[in-house]
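K.L.:
Before anything else, here's the structure in question.
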Amino acid sequence: MCLGVPGRVVAVEGLLATVDFWGVRRTVRLDVVDAPVLPGDYVLNHVGFAIRRIPEPEIEETLALYETLLRSMEAEDPMADDVRAELAAAREGEGGDER
Amino acid sequence: MSASGLAPPADGEALRFRDPVRARALLRVLERATRPREADPVCLMHVCGSHEQAIARFGLRAALPKGLRVIAGPGCPVCVTDAPEVDEAVTLAERGLRVLTYGDMLRVPGSARSLADARAEGARVEVVYSVAQAVDAARACDEELVFFATGFETTAVATAAVLLGDPPPNFSVLSAHKYIPPVMEIVAEMPGTRIEGFLAAGHAATITGSAVFEPFVARHGVPVVVAGFEPLDVLAGLARLVELVRRGEPRVENAFPRCVTREGNRRAQERLWSVFEPAGGCWRGITRVPNGNLRLRPAFVRFDARRRFEAWLRDPARPAPSPLAQQCVCGDVMAGLASPSDCALFGRSCTPATPVGACMVSSEGTCRIWHQYGGHPDLGVSA
């Protein structure tokens, strides 16, 4: 529940953003994000809400970290499971624009 | 990041540090700094389920020097949701209301029953990924819909945002949100623990900022280091903590500047505190925590399920816990007073398939994590 997942903002419309998470797109709300968000920015997403715009110099490191996590595809790895669950929810949720 | 989909699964080398050289260097730093304390180990506590995941999956505990103990504190939001709070959600579901919640909550036991039990008997319990989906579901129907809202401040911010977004009148919130800083006060003063430093959770501090721990440090004279959840982040955070302990410098340090600033996410804080106020509440197994719960402010009382369904919740059904549940030591595990291996049920009557306590249900629960990794797994970095 606590792990956020970073994604790239594709489009912004009011308080809603379309965000790409490793090829999966979902709608993320911008109500509580800490800084103005534009297409091309990266945000940290937590339960469907962006909670932080990831500063430019930190994007690469942040993504590398999650890539490592996702590659550790041990049969049952709770942390990777949490991240995958976040991504899976993106596929199922909100009308599933990438179903 | 390319948009080419998930990276393919790696082979057996998957569970390696990204930078084993740095990991070994950090372990050497820890060893040197704690050598004088081998007879009386430095005792540090983390307050984050993700920290425990990192520690267990990489076998860090077995690699830590003799002079250092790292214990798991109340860092799993699912686990600390109190049984009577689950009972309230179960009661509302059994009364026929649609109850929506996060997936991790489904199997968490109440006094005797979980939401999954209620659902198996026909109650309408649904899992959502986001509270925003629960609001959408309420908009799409006329009937009453209750969102059972659990999680720490990071998750409470999302609940606050939807309540500020003018949800439909048939939507209500049963808040079991918890606020981490106050429980650290309780744990720091608990007899039987002698914690010399705290590793605070990175993502919660993304919202509150590291400054939220400054009054705590001033009161208790123990250092707090905010750390990320990757093994190297955890090791780096522990190394900073040990150094602050050794030098006798109680202060707050931010070892996770990638996500955390001193002041935190002000916009999120404004929303959080305009909707919620801290109130005393029980954390499962621990105790009553002054200001440890997040309660809806009077301005939002019309969305408070406890008020709306007061008559049903005044005296919720609270069947006696099963004999097995009475032996569960989850509370002591979350307070850092016991290890899962101290529990007679652990791995025998209580497993991820048949959990007795909340700590075995959640992927962030200490018992579940230890069960997954065998408690003290071998380390992949020391060779």
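The values are calculated or read from the model by the stated rules, or taken from the named source; none is laboratory data. Here the structure is a predicted model, which means the values were calculated and not measured. Heads up, the Cβs are rebuilt from the backbone with ideal geometry, glycines too, and the neighbour counts pull from every protein chain shown. Remember, those area values only see protein heavy atoms, side chains included, never the ligands or the DNA or RNA. Shrake-Rupley method; radii C 1.70, N 1.55, O 1.52, S 1.80 Å.
K.L.:
Could you pull out every residue, at least 5 positions away or on a different chain, whose amide H is within less than 5 Å of the one on residue B:338? Hs are placed 1.01 Å off N in the peptide plane, and Pro or chain starts have none.
P.N.:
Here B:333 satisfy the definition.
K.L.:
Further question on the same structure: Rounded to the nearest percent, how much of the accessible area of chain B (1.4 Å probe, protein heavy atoms only) is carbon and sulfur?
P.N.:
50
K.L.:
Sort largest first and round to whole Å: the equivalent ellipsoid semi-axes of segment B:52-161, each the square root of five times a Cα gyration tensor eigenvalue.
P.N.:
Square roots of five times the eigenvalues give 34, 17, 11 Å.
K.L.:
Label-point separation (nm) for residue B:164 and residue A:35, each offset 7 Å from Cα along Cα-to-Cβ?
P.N.:
2.0
K.L.:
How big, in percent, is the set of alpha carbon pairs in the protein assembly as shown lying more than 33 Å apart?
P.N.:
Cα-Cα pairs of the protein assembly as shown separated by over 33 Å account for 34 percent.
K.L.:
Related question: How much accessible area per residue does segment A:5-54 have, counting only protein heavy atoms and a probe of 1.4 Å, in square angstrom?
P.N.:
Heavy-atom SASA per residue in segment A:5-54 reads 32 Å².
K.L.:
Quote the FRET efficiency, to the nearest 0.05, computed for residue B:120 versus residue B:247 with a Förster distance R0 of 56 Å and r equal to the Cβ-Cβ distance.
P.N.:
After rounding to 0.05, the efficiency reads 0.50.
K.L.:
Find how many whole Å separate the alpha carbon centroid of segment B:282-303 from the alpha carbon centroid of segment A:18-43.
P.N.:
31
K.L.:
Something else now. For segment B:30-69, with every protein chain kept in place, what is the accessible area per residue (1.4 Å probe, Å²)?
P.N.:
34
K.L.:
Chains A and B: what accessible area do they bury, summed, in square angstrom to the nearest 100, with a 1.4 Å probe?
P.N.:
4600
K.L.:
Give me the orientation-averaged projected area of the Cα convex hull of chain B, in nm², one decimal.
P.N.:
Value for chain B: 20.2 nm².
K.L.:
With only alpha-carbon atoms counted, please give the Rg and Dmax of segment A:5-54, in Å.
P.N.:
Calculated on Cα positions, Rg and Dmax stand at 8.9, 24 Å.
K.L.:
Between residue B:139 and residue B:218, with labels modelled 7 Å along Cα→Cβ, what's the label distance in nm to one decimal, could you check?
P.N.:
So the label points at residue B:139 and residue B:218 sit 4.4 nm apart.
K.L.:
Same structure again: Which value, in debye to the nearest 20, gives the size of the charge dipole of the protein assembly as shown about its Cα centre, when Lys and Arg are +1 and Asp and Glu are -1 at the Cβ?
P.N.:
It comes to approximately 900 debye.
K.L.:
Using a Förster distance of 35 Å, how high is the FRET efficiency between residue B:194 and residue A:15, based on the Cβ-Cβ distance and rounded to 0.05?
P.N.:
0.15
K.L.:
So for chain B: antiparallel DSSP bridges make up what percent, rounded to the nearest 5?
P.N.:
Counting only bridges with both partners in chain B, antiparallel ones make up about 20 percent.
K.L.:
If you restrict to DSSP beta bridges whose two residues both lie in the protein assembly as shown, what percentage is antiparallel, to the nearest 5?
P.N.:
Expressed as a percentage, antiparallel bridges in the protein assembly as shown total about 45.
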